[in-house]
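*Asks:* Take this structure, written in structure tokens, and hold onto it; I'll ask about it next.
The values are calculated or read from the model by the stated rules, or taken from the named source; none is laboratory data. From a predicted model like this one, the values you see are computed outputs, not experimental measurements. Using ideal geometry, Cβ is built from the backbone for each residue, glycine included, and neighbour counts are taken over all protein chains shown. Surface accessibility is based on the protein's heavy atoms, side chains included, excluding ligands, DNA and RNA. Shrake-Rupley method; radii C 1.70, N 1.55, O 1.52, S 1.80 Å.
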Amino acid sequence: MTEFDILVQGGRIATETGVSESDVGIKGGKIAAVGRELGAAKETIDATGLLVLPGGIDSHVHLAQPSGPGIVMADDFESGTRAAAFGGNTLVMPFCIQEKGKGLRAALTEYHAKADGKCYVDTSFHLVISDPTASVLGQELPAVVADGYTSFKVFMTYEGLKLNDREMLEVLAVARETGALVMVHAENDDAIRFLTERLERVGHTAAYNHTVSRPIPVEREATHRAISLAELLDVPIMIVHVSNGQAMEEIARAQARGLKIYGETCPQYLVLKASDLRGMDLEAAKLVCSPPPRDAESQAACWDGLQRGVFSVFSSDHCPFRYDDERGKRAPRGQESFRYVPNGIPGVETRLPILFSEGVAKGRISLEQFVAYTSTNHARMYGLYPQKGTIAPGSDADIVLWNANRRMRITHEILHDACDYTPYEGLEVTGWPVLTMVRGCVVVRDGELVGERGFGRHLMRDRPPSAEPTGKLVTEFDPAPRRV
Ligand code: DUC
Ligand code: ZN
Ligand code: ZN
């Protein structure tokens, strides 16, 4: 009989398809068997009374990312992956940003230098395409997709990052040809700039006005436009960080037409509101993210999108800037307008507890949906399933033991990132991770970091089945065939 390296014994395994009273036998970092009475092991981990979940996968995080002159992101790959592990994550997918005027290979070299040897959990990069030159579109992008960087993000807003519609089409065409999945940040840049200038002209510069400068139609219009561009070429896309029902319904309508349009939502759109910023004065900067938090109706719509399966993934969009820091949320003198507050909030460690507590414990979603939204669907969407995202023989032994009854009050003191606040300060949650294991190695146990910095590996990925065109073309124009 096989002797396992580790036996996780006595717990209840939850996957996207159901819950079972089973043990997990692990050998060589992989799951070797699932069942009861599996046999002997060198080490046994007692999971009695706990849920045994596939490790959380957060497919939308920002680490060590340049964020504008004088601004420094709070987390590097070490602190960001440490916080991720404490939050029950075994894999995070950070962005690797192409700087305008530079190539994709240069960006990859730079980000690998920041990440390699520093991570506690596994990582896999998405590229951000900010400068789709002829050589990027014709040579570099196809080559890096072939190497295993099989997803990239495009922005419809932000100076230095945004693409116009023509550029979006060029990038989408390459995604179609190469089999990559495109993530889209959908906000109308002209509308944001117009509203920002008008607000500033009348002195409405407090941080709260960030939410006023990016109202729902800004996001809804860009979502509709991105979907239309994708439909022209029959290219699947993922609309990231969807904050409200109107944008979500654009996605739902496209899905009903048979298009592969995917959606992502995030904790901030379930538990934060624009009105929270209004009451906060300077500290409103702590909740400045884009798209901004909305209202109760939008929160309900995001829950509805999770319940109906309009969304495929639930990610943190962890994008941390320190609050009490001129290199973070506090602008230096002379830059008092909301427009200078860096966009983004931390959340990699609190994503699972928030969705479990607000979703499963409050009866809004099932445990199976929780697993799908926090782990399995990320692996499926981005070409890592079944290596990641499930508990089955042959998969990596990425496992989280979850205490479904543990009550915690989220406060920054108990978290492990390098930020100086959490946007969820004071939120009471039920359900907390008690052990995180990556490829058979325990990284966090009972609130202690026991993993090794550098154990986390960068993963190359397959072309995701999610990115296969549907074969439904709305025009007589036939885009270039796939050449994968
Ligand atoms: N977009 C993101 O994806 N993250 C943070 C800020 C932003 O605008
Ligand atoms: Zn974005
Ligand atoms: Zn983001």
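*Asks:* Provide, for q = 0.09, 0.15, 0.16, 0.17 Å⁻¹, the log10 of I(q)/I(0) from a solvent-free Debye sum over equal Cα point scatterers in the range 1-159.
*Replies:* The Cα Debye sum returns log10 ratios of -0.44, -0.88, -0.94, -0.99.
*Asks:* Compute the signed sum of charges (Lys and Arg +1, Asp and Glu -1) over the other residues within less than 9 Å, Cβ to Cβ, of Thr470. All intermediate terms of the calculation are to be shown ahead of the outcome.
*Replies:* Values: positive: Lys260, Lys472; negative: Asp234, Glu468.
Combined, the nearby Lys, Arg, Asp and Glu give 0.
*Asks:* Across the range 357-374, in residue order, what do the Karplus-derived ³J(HN,Hα) couplings come to in whole Hz, using 6.51 cos²θ - 1.76 cosθ + 1.60 with θ = phi - 60° and x for Gly and Pro?
*Replies:* 5, 6, x, 6, 5, 8, x, 7, 9, 7, 4, 5, 5, 4, 5, 4, 6, 9
*Asks:* With a ≥ b ≥ c taken as the square roots of the eigenvalues of the C-alpha gyration tensor of the range 299-427, please select rounded if a/c is under 1.5 and otherwise prolate if a/b is larger than b/c or oblate if it is not? Display every interim value, and only then the final one.
*Replies:* Details: a/c = 1.91, a/b = 1.83, b/c = 1.04.
It is prolate, given that a/c is not under 1.5 and a/b is the larger ratio.
*Asks:* Roughly speaking, what is the centre-to-centre gap between the range 314-351 and the range 131-205 when only Cα atoms are used, to the nearest Å?
*Replies:* Using only Cα atoms to place each centre, the spacing works out to 21 Å.
*Asks:* Nearest 10 degrees is fine. How inclined is helix 165-178 to the longest principal axis of the chain, computing both from alpha carbons?
*Replies:* So the inclination is approximately 30 degrees.
*Asks:* Moving on. Normalised by the residues of the chain, what does the relative contact order come to in percent, with Cα pairs under 8 Å and at least six apart?
*Replies:* Working: 1198 pairs, mean separation 110.4, N = 484.
Relative CO of the chain lands at 23 percent.
*Asks:* Sticking with this one: What are the aspartates and glutamates whose alpha-carbon lies under 16 Å from the alpha-carbon of Lys30, with same-chain residues fewer than 8 places away excluded?
*Replies:* Of all the aspartates and glutamates, those that pass the test against Lys30 - Cα under 16 Å, at least 8 places apart if same chain - are Glu3, Asp5, Glu43, Asp122, Asp396, Asp398.
*Asks:* For the range 199-204, just list the computed ³J(HN,Hα) in residue order, Karplus coefficients 6.51, -1.76 and 1.60, θ = phi - 60°, integers in Hz, with x standing in for Gly and Pro.
*Replies:* Those phi angles translate into 5, 5, 4, 9, x, 8 Hz.
*Asks:* Pairs Lys27/Lys114; Lys162/Lys260; Lys162/Lys362; Lys118/Lys388: which are spaced more than 28 Å apart, C-alpha to C-alpha? Before the final figure, lay out each step's value.
*Replies:* Numbers: Lys27/Lys114 31 Å; Lys162/Lys260 23 Å; Lys162/Lys362 39 Å; Lys118/Lys388 21 Å.
Exceeds cut-off: Lys27/Lys114; Lys162/Lys362.
*Asks:* Straight-line reach from Lys472: which aspartates and glutamates fall under 13 Å, measuring Cα to Cα and dropping same-chain residues less than 8 apart?
*Replies:* Glu231, Asp234
*Asks:* Apply the Karplus parameterisation 6.51 cos²θ - 1.76 cosθ + 1.60, with θ equal to phi minus 60°, to every residue of the range 325-342 and state each ³J(HN,Hα) to the nearest whole Hz, in sequence, with x for glycine and proline.
*Replies:* With the stated coefficients, the range 325-342 comes to 7, 5, 8, x, 6, 8, 6, x, 4, x, 10, 7, 6, 4, 5, 8, 6, x Hz.
*Asks:* Evaluate the Kirkwood expression for the hydrodynamic radius of the range 78-134, namely the inverse of the mean inverse distance over all pairs of different C-alpha atoms, and round to one decimal in Å. Please list the in-between numbers first.
*Replies:* Details: mean 1/r = 0.0821 Å⁻¹.
When all Cα pairs of the range 78-134 are included, the Kirkwood radius is 12.2 Å.
*Asks:* Long-range amide H contacts for Met238: which residues qualify at under 5 Å (H placed 1.01 Å from N, peptide plane, sequence gap of 5 or more or a different chain)?
*Replies:* Val182, Met183, Val184, Tyr262
*Asks:* Could you work out the local net charge near Gly359, counting Lys and Arg as +1, Asp and Glu as -1, over the other residues with Cβ closer than 12 Å to its Cβ? It would help to have the intermediate numbers written out before the result.
*Replies:* On the way: positive: Arg351, Lys362, Arg364; negative: Glu358, Glu368.
Charge balance near Gly359 sits at +1.
*Asks:* Within the range 177-209, which residues have the backbone N less than 17 Å from the label spot 7 Å out from Arg166 along Cα→beta-carbon, could you tell me?
*Replies:* Flagged as within label range: none.
*Asks:* Something else now. How large is Rg/Rh for the range 55-374, to two decimals, with Cα atoms and a Kirkwood Rh?
*Replies:* Details: Rg = 18.5 Å, Rh = 19.8 Å.
Value, to two decimals: 0.94.
*Asks:* Here is a follow-up. Relative contact order of the range 325-484: what whole-number percent is it, with Cα pairs under 8 angstrom and at least 6 residues apart?
*Replies:* On the way: 189 pairs, mean separation 32.3, N = 160.
That works out to 20 percent.
*Asks:* A further question follows. If R0 is 22 Å, what FRET efficiency do you get for Arg327 and His412 from their C-beta distance, rounded to 0.05? Kindly include the intermediate steps, with their values, before the conclusion.
*Replies:* Details: r = 18 Å, r/R0 = 0.82.
Between Arg327 and His412 the formula returns 0.75.
*Asks:* So what is the calculated 222 nm ellipticity per residue for the chain, using -39500 (n - 2.57) for each DSSP H run with n of 4 or more, over all residues, to the nearest 500 deg cm²/dmol?
*Replies:* Numbers: 14 runs with 127 residues, N = 484.
Calculated mean residue ellipticity at 222 nm is -7500 deg cm²/dmol.
*Asks:* Take the alpha-carbon centre of the range 80-126, take the same for the range 408-422, and report the distance between them in whole Å.
*Replies:* Distance between centres, Cα-based: 22 Å.
*Asks:* If you don't mind, another one. Could you give the accessible area per residue of the chain, probe 1.4 Å, as a whole number in Å²?
*Replies:* Numbers: 17870 Å² over 484 residues.
With the other protein chains kept in place, the chain gives 37 Å² per residue.
*Asks:* Which lysines, on any chain, are close to Lys273 with Cα under 17 Å apart, when same-chain ones fewer than 8 places away are left out?
*Replies:* The qualifying lysines are Lys286.
*Asks:* Mind ordering 454-464, 194-204 by average Cβ neighbours within 10 Å, highest first? Write out the running numbers ahead of the final one.
*Replies:* Values: 454-464: 17.7, 194-204: 13.5.
Highest to lowest by the protection proxy: 454-464, 194-204.
*Asks:* While we're on this one: Let me have the relative contact order for the range 205-277, percent, based on Cα pairs under 8 Å that are six or more residues apart.
*Replies:* On the way: 66 pairs, mean separation 24.8, N = 73.
RCO, the range 205-277: 34 percent.
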